[in-house]
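One structure is given here, and the rest of the page talks about it.
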């Protein structure tokens, strides 16, 4: 609680900096997001504290459902959404390819690593949610490499989300296949070693924490949070690197309040906005912001290269290949 109070005080102190032109930013703003409800409310509240003349409402659901809602509204001719904050950049690339996103040329992304944001400034990563390896502490082998999941100790003991149902898993699959020396051969070896793929990350956490499986591919914050609560799990950032989704934010081209929409984006990618992501337990995308408790030093976390536009173009082929390998 004291951490959140300190953060709030810090955000209040930064209002003068963030909201210098706030008198020119007003009206209403509608956010469509797949953030957890508490995180979305905190993000909206912090923004409105900095820009009190803007009233923000949000609609929250999973990325698949929020996108289905948006697509239905667009097909009908109009959507109330001004800003979109969802799980993955591949979905954003799809919207960009249809000219549905507004570029924010004035956004300051100078502090960020290449690839965190769209080079054309139509979408912007707000955090790094990586996928690595979790294990049950009862396991005899502590993994350090992706290849450790191919060992005899891991045979029949691996759970993983399916890219057929999870956007983060689809990005993870494309990342590993594109960066590991074995390419798709790695997934063929996983299948041969008895790895099981189904559902999303929450199911993997449940299986490994419950001892049904000893190892799992999963997003970082789930096992790190559960370990802090006393669960018999730990998380490893493999030495070859990890995949990452960036929970990007974008402005819809149809927005009725571009000034407020741009201010919202600016807030999320500002250092103050990134401190908010940190307080929520996520790894901030901004390189100058600290990492959450339970994470290793940022310098030790290697994020593998990922091309969102390429992944979009190959999404159907990647799903089909995965389904063939795992018999789905």
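Among the residues that make up segment 181-201, is at least one of them modelled with pLDDT under 95, within 16 Å of the chain's Cα centre (by Cα) and under 23 Å from residue 319 (Cβ atoms)?
Yes, segment 181-201 contains a residue that is modelled with pLDDT under 95, within 16 Å of the chain's Cα centre (by Cα) and under 23 Å from residue 319 (Cβ atoms).
Report whether or not residue 44 is surrounded by 15 or more Cβ atoms within 10 Å (Cβ to Cβ) and in contact (Cβ under 8 Å) with a residue 60 or more places away in the chain.
When the stated conditions are applied, residue 44 does not pass them.
If a residue counts only when it is surrounded by fewer than 24 Cβ atoms within 10 Å (Cβ to Cβ), which strands (runs of 3 or more DSSP E) contained entirely in segment 218-291 have at least 2 such residues?
233-236
So in segment 118-146, with the set limited to residues that are out of contact with any helix residue (DSSP H, G or I) (no Cβ under 8 Å at 6 or more places or on another chain) and touching a residue at least 60 places away in the same chain (Cβ under 8 Å), which one is surrounded by the fewest Cβ atoms within 10 Å (Cβ to Cβ)?
Only one residue fits best here, namely 138.
Regarding residue 328, is this residue in a loop (DSSP other than H, G, I, E, B), at pLDDT 95 or above and not assigned by TED's automatic domain parsing to the domain that holds residue 167?
no
Can you list the strands (runs of 3 or more DSSP E) lying wholly within segment 1-116 that have 3 or more residues being at pLDDT 95 or above and touching a helix residue (DSSP H, G or I) at 6+ places or on another chain (Cβ under 7 Å)?
So the answer is 27-33, 54-60.
Can you tell me which residue within segment 292-302, out of those that are surrounded by fewer than 14 Cβ atoms within 10 Å (Cβ to Cβ) and assigned to a loop (DSSP other than H, G, I, E, B), is nearest to the chain's Cα centre (by Cα)?
Looking at residues that are surrounded by fewer than 14 Cβ atoms within 10 Å (Cβ to Cβ) and assigned to a loop (DSSP other than H, G, I, E, B), I get 302.
Kindly establish whether residue 226 is under 21 Å from the mean Cα position of the chain (by Cα) and on the phi > 0 side of the Ramachandran plot.
For residue 226, the condition - under 21 Å from the mean Cα position of the chain (by Cα) and on the phi > 0 side of the Ramachandran plot - is not met.
Quick check on my filter: what residues within segment 207-233 are within 18 Å of residue 130 (Cα to Cα) and without any contact (Cβ under 8 Å) to a residue 24 or more places away in the chain?
226, the sole residue that qualifies.
The values are calculated or read from the model by the stated rules, or taken from the named source; none is laboratory data. None of these values were measured; they are calculated from a predicted model. Every residue, glycine among them, receives a Cβ derived from its backbone with ideal geometry; neighbour counts consider all protein chains shown.
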